[in-house]
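Presented below is the structure to which this report refers.
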Amino acid sequence: MGYESIDVTPMTPRIGAEVAGITLANPLSNRQVEELHQALAEHQVLFFRDQPMDVDAHKRFGRYFGELHIHPSTPGPEGHPEILPIHADANSRRINGEYWHSDVSCDEEPPAASILYLHTVPPVGGDTLFASQYAAYEALSPRMQRYLEGLTATHSGDHVYRRNNALMGLKETGKVYPQASHPVVRTHPVTGRKALYVNGDFTTHIDGLPREEGRAVLDFLCEFATREEFQVRFRWRPHSVAFWDNRCVQHQALWDYYPQTRSGRRVTIKGDKPY
Ligand code: SIN
């Protein structure tokens, strides 16, 4: 596809493109926003280099793509509830996104997309992996695709956020975290393509299947969905940005840089009920 207002360079045949020729911290033209929408639909995750931006510019950039989401477990700092700080250093006992997942898939209406900006990165390490869930679905046999048709799975935030809070030494508050049932194969509302929509972090079980069968199918799907051939791997530099579509991408942050510091923030864009 041709672009007039941005330069788009694919990083793999299936997923990921680097975008240049745009300054995200500036107000954007309608053409730029429209072409970023197109590029995201085409490549599923977009990467940008050298994009220093403050909190307000980050939120403004996010709002070009929809209303901003507030995280159910970690609302942002005073005055900026839509900001999710992403930070790890020598004192950290966990990081965000260490297991393959689609952001907050436990929400009834899970986020459509996320925009992560890192200002500080370790000299090496701290890459993020992204896997195309279109590519994973399309690589399944037609027989397996038929088997999955109409199945739903339960996604729960409870074990995820309680584990994180415990690791951070936070007191148990009795807070109830979201849980929702979503199709195992969802249809992307923009592209109409089918994508696998289960992940190893939030998805607890496939609804309505005998326990052992459901476990085996879910384990197979989670392993299959994150195979190397469906992936792109992003090597961060200071002030890089990654913008991914949670409706067709899973991601995982690697914590191979301890005790170095990796720091920035994410805004997340609200989505619709998967179908
Ligand atoms: C996340 O949003 O899951 C964190 C990703 C990252 O830090 O690379």
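Output needed for the stretch 7-269: three equivalent-ellipsoid semi-axes, defined as square roots of 5 times the C-alpha gyration tensor eigenvalues, in descending order, whole Å.
Calculated on Cα positions only, the semi-axes equal 28, 23, 17 Å.
On the beta carbon distance between Ala90 and Val176, with R0 = 35 Å, the FRET formula returns roughly 0.60. With the charge dipole of the chain set up from +1 on Lys and Arg Cβ and -1 on Asp and Glu Cβ about the Cα centre, the Cα lying farthest toward the positive end among the listed residues Asn165, Ser132, His58 is that of Asn165. Where in the chain is the longest stretch that carries no GluC sites (Glu not before Pro) classed as loop by DSSP and with at most 15 other Cβ atoms within 10 Å? Longest site-free region, per DSSP loop and neighbour criteria: 173-275. The distance linking the stretch 208-235 with the stretch 59-117 is 23 Å (Cα centroid to Cα centroid, whole angstrom). Short-range pairs are left out: with C-alpha atoms under 8 Å and at least six residues apart, the relative contact order of the chain is 34 percent.
Pairwise Cα distances in the stretch 8-98 exceed 16 Å for 65 percent of all pairs. In terms of surrounding Cβ atoms within a 10 Å radius of their Cβ, His159, His205 rank from fewest to most as His159, His205. Between Ala166 and Glu213, the C-beta separation translates, for a Förster distance of 45 Å, into a calculated FRET efficiency of about 0.90.
We did not get these values from a lab; they are worked out from the coordinates using the rules stated. None of the values given here were measured: they were computed from a predicted structure. Every residue, glycine among them, receives a Cβ derived from its backbone with ideal geometry; neighbour counts consider all protein chains shown.
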